[in-house]
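Participant: Input: one structure, supplied below.
The values are calculated or read from the model by the stated rules, or taken from the named source; none is laboratory data. For clarity, every value in this text was computed on a predicted model and none was experimentally measured. Ideal geometry is used to build each Cβ from the backbone, glycine not excepted, and the neighbour counts take in all protein chains shown. With ligands, DNA and RNA removed, areas are computed over all heavy atoms of the protein, side chains included. Shrake-Rupley method; radii C 1.70, N 1.55, O 1.52, S 1.80 Å.
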Amino acid sequence: MKLRGWEKSLASNFSPHTSIMSGLLRAYIGRVGDPGSLILKGVFEVRVVLLKDVPSLGKTGDVVTVAEGYARNYLIPRRLAEPASEKRLQQIAHLRRQREKKAEVAVQRAEEKATILQEATVPVRVKVGEGNRLFGAVTAKDIALAIAKECGITLDKKQILLNRPLKEVGTYTVPVRLVPGVTASLKVAVTPE
């Protein structure tokens, strides 16, 4: 294989002491379009374990293959990743099993809460004007406070999937997402004060 001038200069930048021999480098270099763009087909890739979520790369604990320079210059110095050794991979597998057990317990607790919420009717008392129109509206925050008061279950307002605030007196069915995959239908009775 005959090297062009820009390929020779690239290959000469690697000393025999580097981890990749220049002959191996020549075999993997391919030219695409102009001399400035090279494809290094898998030569400079390393496996790393992500320590934090990295957008468009993966989540915490994932083992990904990235370019050596990206790992060495960006991921590892910022403590976003570390090299994937056998010991570290075993630790990640152990942590993953523990995380799955915790998720199973969380789902069981959420299902218990869901049965309580399915059976309950939560009253929300508000000031009413003419024609049973409310002064203001009943929001997800108001419903979360009423659930905590009536059922003793603390929820975040984001877990209550209310399309729009309730503005009239009546009984409404409101979906509540406790954890991903566990949703309960809650009856909310909006009554005048």
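Participant: Cα gyration tensor of region 81-133, axes a ≥ b ≥ c as square roots of the eigenvalues: rounded (a/c below 1.5), prolate (a/b > b/c) or oblate?
Facilitator: Values: a/c = 9.59, a/b = 3.00, b/c = 3.20.
In terms of gyration-tensor shape, oblate.
Participant: Right, something else. Given a 1.4 Å probe and every protein chain left where it sits, what share in percent of the accessible area of region 50-158 is carbon and sulfur? Walk me through the intermediate numbers first.
Facilitator: Working: 3840 of 7740 Å².
Percent of accessible area from carbon and sulfur atoms in region 50-158: 50.
Participant: At a probe radius of 1.4 Å, what is the per-residue accessible area of PHE135, in Å² to the nearest 10?
Facilitator: 140
Participant: At 1.4 Å probe radius, can you tell me the per residue accessible area of region 52-99 in Å²? It would help to have the intermediate numbers written out before the result.
Facilitator: On the way: 3430 Å² over 48 residues.
Heavy-atom accessible area per residue stands at 71 Å².
Participant: When a/c reaches 1.5 or more, the comparison of a/b and b/c decides; with that in mind, is region 46-184 rounded, prolate or oblate per its Cα gyration tensor?
Facilitator: Details: a/c = 4.86, a/b = 2.48, b/c = 1.96.
Here region 46-184 falls in the prolate category.
Participant: Moving to a separate point now. Any idea what the dipole of region 128-185 comes to, in debye rounded to 20, about its Cα centre with Lys/Arg Cβ at +1 and Asp/Glu Cβ at -1?
Facilitator: On the way: 8 positive and 5 negative charges, 39 e Å.
In total the dipole reaches around 180 debye.
Participant: Kindly report the accessible area of region 119-186 per residue (heavy atoms of protein chains, probe 1.4 Å, no ligands, DNA or RNA), in Å². Mind showing how you got there, number by number?
Facilitator: Values: 4340 Å² over 68 residues.
In whole numbers, region 119-186 has 64 Å² accessible per residue.
Participant: How many lysine pairs are close in region 64-193, with Cα atoms under 20 Å apart and the two 8 or more places apart or on different chains?
Facilitator: Count of close lysine pairs: 24.
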